[in-house]
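The structure under discussion appears below in the form of C-alpha cells.
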Amino acid sequence: MLLAAAVLPGLVACGSSKSGDATPSSGTSAAPVKLFDPCIGIPDSALTAAGVNPSAKESGVAGVHQSGWEICNWKGSKYSLGVFSSARTVQEIEQKQGNVEFQDVTIAGRQGRQFRVEGASHDLMCDVVFPASQGIFEVTLINNPVLDHPAPPCGLLQQAGEAIVPVLPK
C-alpha cells in the first residue's frame, strides 16, 4: 500500500480504455501502442536477482489498473520494486509537476534519468525512467519504512536494476 500511495501522484492518465494499450497524450490520432506488461514480461529469475519475491506481486496501483499504464510491484524484505510501462515520453515525466532532481544515470548499460518525487523521503524512494520504442519504462524502489538505517534507495535501485533493466524491451 505504501508503494501505491507513493507512486499514485506521479501517474498521469493517457486516455485509453483497454488494458495494455495507450495513446500518446499529444492529441494525435496514432494507433494505440501495445505496452509491455512487467507482471508477465519480467522473469522470476530477474526478480529474485533484484532482491524481491516474484510471488509477492501486485498489478496496478493498489490492485487497480491505471489507464495508459502497465504497472507491477513486488515486495522484498528490504524494499519494494515497481516497474511502470507507458507510451509517455521521458520529457513528459520530466515536465510532470512534483518530479524533481533529475540526473543522468546508466543501469545495465542503458541510459536513463534518475529522479525523485517531491515530498518523498530521500531515505525511502528513488525512480529511474528509461526511453523505449513504446515510450518509457520507469523503475521505482521504495525502502521498507520499518527498517532502521535503510541503504540509500538510489544505490539499491542501481543494484536491483542490473537484473531488471536488461529484460525491458528497448
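The values are calculated or read from the model by the stated rules, or taken from the named source; none is laboratory data. None of the values given here were measured: they were computed from a predicted structure. Backbone-built Cβ (ideal geometry, glycine too); neighbour counts: all protein chains shown. Each accessible area value is taken on the protein alone, full model and side chains, heavy atoms only, with ligands, DNA and RNA left out. Shrake-Rupley method; radii C 1.70, N 1.55, O 1.52, S 1.80 Å.
Surface calculation, 1.4 Å probe, protein heavy atoms: Ser67 sits at approximately 40 Å² accessible. Residues whose amide H comes within less than 5 Å of that of Ile107, counting only those at least five positions distant or on another chain, are Gly112 (H built at 1.01 Å from N in the peptide plane). Volume per residue of the convex hull around the Cα atoms, evaluated for segment 33-170, comes out as 104 Å³.
Only the Cβ atoms of Lys and Arg (+1) and of Asp and Glu (-1) were treated as charged; on that basis the dipole of segment 27-110 about its Cα centre amounts to roughly 140 debye. Reachable aspartates and glutamates from Lys57, Cα under 15 Å, same-chain residues fewer than 8 places away excluded? Output for Lys57: Asp37, Asp44, Glu70.
Determine the dipole magnitude for segment 41-170: charges of +1 sit on the beta-carbon of Lys and Arg, -1 on that of Asp and Glu, nothing else is charged, the reference point is the Cα centre, and the result goes in debye to the nearest 20.
For segment 41-170, the charge dipole is close to 220 debye.
Among the protein heavy atoms, those of Asp44 account for about 100 Å² of accessible surface (1.4 Å probe, every chain in place).
Remark: spin-label model distance Gln111-Ala56 equals 3.5 nm, labels positioned 7 Å along the Cα→Cβ axis. Spread over its residues, the convex hull of the C-alpha atoms of segment 89-131 is 60 Å³ per residue. Measuring nothing but protein heavy atoms, the accessible surface of segment 96-144 at 1.4 Å probe radius is 43 percent carbon and sulfur. Segment 83-100 and segment 114-170 have Cα centres separated by 14 Å. Under 13 Å from the 7 Å Cα→Cβ point of Ser121, by amide nitrogen: which residues of segment 60-104? Residues passing the 13 Å test: 79-80. Rolling a 1.4 Å probe over the protein heavy atoms gives segment 36-155 an accessible area of 44 Å² per residue. Here each label is just a point 7 Å from Cα along the line to Cβ, and for Val100 and Ile40 those points are 4.0 nm apart. Highest-first packing order for the peptide set 89-97, 109-117 is 109-117, 89-97, based on the mean count of other beta carbon atoms within 10 Å.
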